Amino acid sequence: MFSLGSGGAKSPKPSFVSYVTPEEIKPEGEGHLQERSPEFLPGEVVFCSAKHILKCSQDEDSECSVFGTLFCTNFRVSFVSDAIPPEDTVQPFKNKLYGENDIPLSCVDQIYGDYDEKKKLITSSQMMNKYPSKIIIYCKDLRVFQFSLLHAKDETAKKIFQGIIRHILEPKSLKCVFAFSYGETTVSVPDVQRKQTTVMFDTAADWLDEMKRTKGGCKLVKDNEDFGISEKLPQFFFVPTHVENEDLVKYQGKGIPIWCWSHHTGCALFKMASLPVVQEESNAKVQKAYMERMLNAVAQNHLYSVKTEDLSETLPNIQDIQQSYSKFKQNFLIDSMAEFWVSDVKWFSTLETSRWLSIIRQCLHKAVEVVESLEQENTNIVLIEKGGSDLCCVISSLVQLMLDPYYRTLIGFQSLVQKEWVEGGHNFPERGNLLHQSDKESPVFLLFLECVWQLLQQHSPGFQFSETYLTVLSDSINVAVFSTFLFSTPCQKASIMKTEPDRGALNIPPVWEWSLQFDCKAQGFFINLLYRAKSKQEKALRKAQRPKYTRQLSLPSTPPPKKGFFKEETENLKKMLRGKRISRWMQLSDSAQASVREFYAAWQRKPLDYHGLLLPCLDGPAVRLWTQRYLRWIPEVQILGGGDVALMNKMATLVQEVQELCKEVDRQVCQADSCLENPMVFLRSSVHLSSSFPFAANRMWSFRPAIPTSIGDHQMDMGQLAIRDDEDTETTTDVF
Amino acid sequence: MEEVPRVPGETVKAVAKDVMYLCPFTGAVSGTLTVTDYKLYFKSLERDPPFVLDVNLGVISRVETISMQIGENNRGIEIVCKDMRNPRFAYKEEQSKLEIFETLTKHAFPLSNNLPLFAFLYKETFPEDGWKVYDPVAEYKRQGLPNESWTISKINSNFEVCDTYPAMLVVPTSIKDEELRKVASFRAKHRIPVLSWIHPESQATIVRCSQPLVGPSDRRCKEDERYLQTILDANAQSHKLTIFDARQSSVADTNKAKDGGYESESFYPNVELNFLEIPNIHVMRESLRKLREVVYPSIDEAHWLSGVDSTHWLEYIRLLLAGAVRVADKLECGKTSVVVHCSDGWDRTAQLTSLAMLMLDSYYRTLRGFQVLLEKEWISFGHRFAARLGHGDENHANSERSPLFVQFVDCVWQMTRQFPSAFEFNELFLITILDHLYSCLFGTFLYNSEQEREVHSKTVSLWSYVNNHTEDFTNPFYVNYENHVIYPVASLRHLELWVSYYVRWNPRMRPQMPVHQNLKELLVLRTELQKKVEELQRDVASSRSVSSSSDHGPSPSHTSTPLYTTV
């Protein structure tokens, strides 16, 4: 059979895992124990493995705990159960790269060890000599795993523990990330339908198309093709026409207003990495003059007006964001049922003290301020931040999502992420702590997705993608397979991909190749069934006006004809600008709060157009918890037969019926074209699905309801009222 | 003078010009104030479109003068409403203005001024009589009653045994009337254990009653003990009976000292007693009062969550739902009969039994079924609507007032949120019920018990109105989960403040377009296409008889409504 911990000296303690005593456990005889292993990916190598590992469930229910083998590979920690899984389990939403019992190494958030009933955070290999009775792994996608080592052989237990710790926690070089061994062994899929796919913004043509689409008028800079200007900037980018070429090379890419997007009136959104702080007066003077030239150039883009927005002054910094999220996520990393119900009583206060929702609100608020300036005042905006690649990305992407319905389509959204985040040089590996080399971890991209989710839940019909898509995207950041989240800058990507000629073609796919993770059917869940696409007629009309993309314009896209007074006014403005210089640049102030409220109210009074401007409501109750992402793995909060999936199922059924009818009509009139494409079809009636669907779909949720256990434990402050009789008619405080 | 819109039977009582309404959201606005015997109506032409405030008088809890000085307007008045708003007016001190507010006070509290409630003046007629929605015999028949163990007793037909119970009661067949009377004398307010619901398969039952009068000396009642044993015996599936006492155990002990109490497990064999620890009506009233401060008029964005938390409102909602889930689970999974009581069995008991019944029986989740549930568990079983709401009474500080029914409807709303396709009715239906809970337009929620409620001939039922507008109150996502039990998750992580009810006066919180718009369009599209298919099939059939290769002219244009595209 198997040995018990250190020679049976350790007896299973009641608090540990399950109440199963070793006698009760009937592992199959070693002789015919099947050698089972996970299905390895190309390039995946096993580091170590251990048998007789008990995977424990949160509810301390012995039936849910299973024995199996734990593997640690260069991609993941994988648990393979000894029990042969039933063949017929249908998984409508199976991830092809990793399964329910797999933890990609880069997905591990924290590891705890259970040492004599004490939960200790394992931070480095210092504690490696003594292995714990139980390893608890918190994942970045909020799953919690508990593996008991008590039943494994002493040597194996030690080895697997050390292996896991080493491969997860120790700093590593980028080349050691699994994507590289994966990329060497797979063959790239030929880009068949280039037109239908995400715009990558890695060619000058992509940028020129985007400029054409938004009808902006900036100039393309090609001088950075070999990253001569800056390693932080993309190979191609746009700057205002009046920026002098020699100014581009002055501050290693800092202080250059990089074009993001043009409003149909002509004003545009720019972002900029702020100039380094200098002490010396002469240098400061030079910098000031430089900034003046830059802002002047921006101002001349449209109507001679410009506002700057220094995000590091008005928004929480990346440490604040990290701190807040660390507190926030603790609410969902649950070890046991009892712990869950205890924390439930304090739910609202812990949610508020984490300030996570408040940071989301601040970001959305800032984005609305910028939208207001563009839409209402037709002012050019320059977002400024130290590196220009964190909150600048959040705010500029949000502004574009609110203003431009193209980015609310799935392809449009992915192109936006490429444009602002990937090419914009957001340091994904550092912010995601991919290499464990620095302490600059901060979930900035997740914060952006959170903001998008808030918009999506408030204006569902305006978005082509679903919340499931956003959840999957947020998970994919932590699967170290995709080029999208692998490199700190486009320059790093280019240099690494280039210097590998002798090792053959390196094929690291972008995350947008969804077929790597999900089959066609599962990808159906990415589509929001409430999305109101433009009707074909409308589209046809638009097509006549603008050849390539459809975008709702409430105003003519060319600037209004310059009448006499207008010309005069611009001349005056020019003079004024020259005279007053930099003092004219406005800073958004506290009064912005009231102004934004008024802007929102005015927008709210107008009829809602899902293909026009969409603004978020930011009042207290409107900013909500992304329940799908955060609650999906907690058994206690699964609503069996409920949740939004019930709505979606109804919609899907209806879409299908309509589709059938369309086909019938077509058949009757002998016409071949069908008006609707395949919607997703759910496999089971929603009665049997839970609110976590499509996640955790093959977990067995209990049909018994979850009953809170901490009722009465929590002393509510009710004072004298509680002990009074109901029919006590003594006159008291006001009733209503 | 411009006419205000009126309902049949409504008369204008006073009109005053140049009154200023101090809107907390859009600022002060001047206009004409009209008071009728049903509502207060303010209209200002200063804005485009005209600004209108319409408050029915039934909703008014108290009217207070406040000190004020805005220009000429030196008098102010605040109207505190039961539905979470307090409109304020400012006016110049002069005869016509003083009179109108006097008229307002008089008609807002008709009972204190020897006037009838407006429901008795309302003259609208509807095609269907809503008073006929609930027929106890039909409802019990639907549940399969009477059967061999349970009978419909007429013992209370004159309300002699219990004046707060309905005339028709379902009790165990084997219990004689004499015994019933003895049991009645052992239960508070004579509210004996009676059947509310029976499980169609296991025959486990939900039984409701009031607390036993045990007292400090541990009094016993043989008949009561036998009665509960009979209820247990009527269910062959279980040899246990579970009593859920809704109260906090400490409070139940206090009640015991005051001659009330709870069943002792040693005197009632095979009985298991559980306390659900739900606080009393005073705590609930205080909680809603605090909630009003959090939501009206403005919301403190930064402290929204802790603000809601400090009211404990959602915590109590959670307690109630958790209690009801335990009741439903006992019946469904434990196949065990359940007795529910609190002190008098008309507040928390009604909340718990009706919520558990909603979980267990899909009929109650239909538009009509829900009306039956309210008529049965709340109205006929004597939830004291008049006392708890204080209709037409100026004594706003009466401690018998408490928003228990609002709390129940909130629980139902939480369930509809968790199970968006399990209910045939929509949110508007629930809000409409709450609006007319206070409005005194209909007779439905006016009285304390069935005995008092001989209002059928004199007033209109809310259901007459509702069932004449079913389209408005239907949930387009409804799927009939027949025979399916739904358990809401009683975790604060899934509970939300009902913004579209409590915060609805804040214009910023108003939704612009319902999400289900798309679904409605799809439904229309489906109907159109169904018609088209039928037409075409007819055409094909007829044309075949004439010519086999006829062309049908232009193809039908179904290009106008492609709602969905995929990647």
With respect to B:Asp245, is the statement that it is under 30 Å from B:Cys333 (Cα atoms), modelled with pLDDT of 95 or more and more than 14 Å from every other protein chain (Cβ to nearest Cβ) true?
no
Only one of (1) assigned to a helix (DSSP H, G or I); (2) without any contact (Cβ under 8 Å) to a residue 12 or more places away in the chain; (3) of a type in the set (Asp, Glu) is not met by A:Glu225, so which one is it?
(1)
Residues being of a type outside the set (Asp, Glu) and within 25 Å of the chain's Cα centre (by Cα) - total across segment B:114-158:
23
Looking at segment A:149-188, which of the residues that are of a type outside the set (S, T, N, Q) and in contact with an Asp or Glu (Cβ under 8 Å, 6 or more places away or on another chain) is surrounded by the most Cβ atoms within 10 Å (Cβ to Cβ)?
A:Tyr182
Which condition number in (1) over 19 Å from B:Arg388 (Cβ atoms); (2) of a type in the set (Asp, Glu); (3) facing chain A (nearest Cβ under 8 Å); (4) in a helix (DSSP H, G or I) is the one that B:Glu286 fails?
(1)
Among (1) closer than 18 Å to A:Thr409 by Cβ; (2) at pLDDT 95 or above, which single condition is A:Ser442 missing?
(1)
Hey, can you tell me all the residues within segment B:279-310 that are of a type in the set (S, T, N, Q) and surrounded by 22 or more Cβ atoms within 10 Å (Cβ to Cβ)?
B:Asn280, B:Ser287
Among the candidates B:His469, B:His396, residue that is at the interface with chain A (Cβ under 10 Å from one of its Cβ atoms) and over 30 Å from A:Ala706 (Cα atoms):
B:His396
Report yes if some residue within segment A:409-429 is crowded, with 24+ Cβ neighbours inside 10 Å, touching a Phe, Trp or Tyr at 6+ places or on another chain (Cβ under 8 Å) and part of a loop (DSSP other than H, G, I, E, B); otherwise report no.
yes
Within segment A:623-642, of all residues that are within 7 Å of chain B (Cβ to nearest Cβ) and under 22 Å from A:Phe348 (Cα atoms), the one modelled with the lowest pLDDT is A:Glu636
When residues of segment B:434-461 are limited to those that are of a type in the set (Asp, Glu) and part of a loop (DSSP other than H, G, I, E, B), the one nearest to the chain's Cα centre (by Cα)
B:Glu450
Of the residues that make up segment B:488-499, is at least one surrounded by fewer than 21 Cβ atoms within 10 Å (Cβ to Cβ), of a type outside the set (Lys, Arg) and either under 23 Å from B:Glu375 (Cα atoms) or more than 8 Å from chain A (Cβ to nearest Cβ) (or both)?
no
Being free of Cβ contacts under 8 Å to residues at least 40 places away in the same chain, of a type in the set (Gly, Ala, Ser) and closer than 18 Å to B:Val80 by Cα narrows it down to one of B:Ser287, B:Ser306, B:Ser310, B:Ser298, so name that one.
B:Ser287
For residues that are facing chain B (nearest Cβ under 8 Å) and surrounded by fewer than 22 Cβ atoms within 10 Å (Cβ to Cβ), tally how many sit in segment A:613-622.
5
Determine which member of the set A:Val239, A:Val298, A:Val249, A:Val286 is more than 24 Å from A:Glu420 (Cβ to Cβ) and not acidic (Asp, Glu).
A:Val286
Within the bounds of segment B:270-283, is there any residue that is without any contact (Cβ under 8 Å) to a residue 40 or more places away in the chain, aliphatic (A, V, I, L, M) and facing chain A (nearest Cβ under 7 Å)?
yes
Identify all residues within segment B:293-339 that are in a loop (DSSP other than H, G, I, E, B) and within 11 Å of chain A (Cβ to nearest Cβ); write none if there are none.
B:Ser298, B:Ile299, B:Asp300, B:Glu301, B:Ala302, B:His303, B:His312, B:Cys333, B:Gly334
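Table: residues versus (1) at pLDDT 90 or above; (2) more than 26 Å from the chain's Cα centre (by Cα).
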| residue | (1), (2) |
| --- | --- |
| A:Cys72 | yes, yes |
| A:Phe75 | yes, no |
| A:Ser78 | yes, no |
| A:Gly99 | yes, no |
| A:Pro104 | yes, no |
| A:Cys107 | yes, no |
| A:Glu117 | no, yes |
| A:Thr123 | no, no |
If we scan segment B:36-50, do we find a residue that is of a type outside the set (A, V, I, L, M), farther than 24 Å from B:Tyr465 by Cβ and touching a helix residue (DSSP H, G or I) at 6+ places or on another chain (Cβ under 8 Å)?
no
I'm told A:Ser148 meets every condition in (1) over 21 Å from A:His52 (Cβ atoms); (2) in contact with a Ser or Thr (Cβ under 9 Å, 6 or more places away or on another chain) except one. Can you identify the failing condition by its number?
(1)
Under the condition of being out of contact with any helix residue (DSSP H, G or I) (no Cβ under 7 Å at 6 or more places or on another chain) and charged (D, E, K, R), which residue from segment B:411-452 is nearest to the other protein chains (Cβ to nearest Cβ)?
B:Arg417
Would you mind telling me which numbered condition in (1) under 21 Å from A:Ser483 (Cα atoms); (2) out of contact with any helix residue (DSSP H, G or I) (no Cβ under 7 Å at 6 or more places or on another chain); (3) at pLDDT 90 or above A:Met211 fails?
(1)
Return yes or no: is A:Lys440 among the basic types (Lys, Arg) and assigned to a loop (DSSP other than H, G, I, E, B)?
yes
Have a look at A:Met294, A:Met272 and point out the one that is touching a Gly at 6+ places or on another chain (Cβ under 7 Å), surrounded by 19 or more Cβ atoms within 10 Å (Cβ to Cβ) and part of a helix (DSSP H, G or I).
A:Met294
Looking only at segment B:230-267, count every residue that is assigned to a loop (DSSP other than H, G, I, E, B), farther than 16 Å from B:Phe186 by Cα and among the polar types (S, T, N, Q) and tell me the total.
5
Here's a check for you: in segment B:477-510, which residue that is assigned to a loop (DSSP other than H, G, I, E, B) and hydroxyl-bearing (Ser, Thr, Tyr) is farthest from B:Glu332 (Cα to Cα)?
B:Tyr478
List the number of the failed condition for B:Met68; all other conditions in (1) surrounded by 15 or more Cβ atoms within 10 Å (Cβ to Cβ); (2) without any contact (Cβ under 8 Å) to a residue 40 or more places away in the chain; (3) not in a strand (DSSP E or B) hold.
(3)
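The rows are residues; the columns are (1) over 17 Å from A:Val452 (Cβ atoms); (2) within 11 Å of chain B (Cβ to nearest Cβ); (3) buried (at least 20 other Cβ atoms within 10 Å of the Cβ).
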{"residue": "A:Thr314", "(1), (2), (3)": "yes, no, no"}
{"residue": "A:Phe332", "(1), (2), (3)": "yes, yes, yes"}
{"residue": "A:Phe340", "(1), (2), (3)": "yes, yes, yes"}
{"residue": "A:Lys346", "(1), (2), (3)": "yes, yes, no"}
{"residue": "A:Glu352", "(1), (2), (3)": "yes, yes, no"}
{"residue": "A:Glu369", "(1), (2), (3)": "yes, no, yes"}
{"residue": "A:Glu375", "(1), (2), (3)": "yes, no, yes"}
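The values are calculated or read from the model by the stated rules, or taken from the named source; none is laboratory data. Computed from a predicted model, the values in this text were never measured in an experiment. Quick reminder, even Gly has a Cβ in these numbers, built from the backbone with ideal geometry, and neighbours come from all protein chains shown.
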